[in-house]
Amino acid sequence: MAIAEKLENQEYGRGDLSDAQWKKLDPLLPPQKPNRGRPAEDHRKIINGILWILRTGAPITDWPIRYGIHSTVSSRFYRWRKVGIWDDILAKLQTMADYEGRIDWEVHLADSTVVRAHQHAAGAIIWARKPRIRAK
C-alpha cells in the first residue's frame with residue numbers, strides 16, 4: 001500500500017498517538033465506560049486532542065473538530081490532573097521503560113526554563129558595603 005493510501009485511510013492525524021503508543025497507554029487509563037450517565041468520549045481521541053494543544057499552542061478558535069468538543073477535552077485533562085491520573089500514568093510508563101532497560105538513571109538534566117531564580121538573582125552587580133562608623 002502506498003504512503004498516500006495509508007494516510008487517506010488513517011483515522012488519526014499527524015502527531016497523534018501511533019497504534020504502538022496507544023497499545024502501551026490504553027491499559028494504564030481508567031475504564032472507558034462510566035458506571036452511570038452518558039458514555040464518555042473515546043480516550044484516544046481526547047488524549048490526541050490534549051497532545052494537539054501541547055504541540056501547537058494554538059488558540060481554541062483553531063480547534064480541529066476531529067478531537068471532539070474542546071470543552072470535553074479540557075475538562076477531562078483537568079479532572080484527570082486533579083485526581084492524579086497523569087502522575088500515575090507517568091510513573092507506570094517510567095517503571096515499564098526502566099524494566100525494559102530504556103532509562104539511564106545516571107543522566108540528569110535541569111532545563112533552565114523550569115528553574116526559577118529569585119528576582120534579586122537577575123544579574124545585578126553587588127557593591128561592597130561601606131563600613132559604618134558608629135558613634136560612641
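Here are the numbers for the structure shown:
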{"read-out": "Over 17 Å [Cα-Cα, the range 40-106], rounded percent", "value": "52"}
{"read-out": "Packing-based ranking, highest mean first, of 23-29, 71-77, 54-60 given that Cβ atoms within 10 Å are counted", "value": "71-77, 23-29, 54-60"}
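Bear in mind that the values in this text are calculations on the coordinates, not laboratory data. Please read all numbers here as calculations on a predicted model, not as lab measurements. Note that each Cβ is placed from the backbone with ideal geometry, even for glycine, and that neighbours are counted across all protein chains shown.
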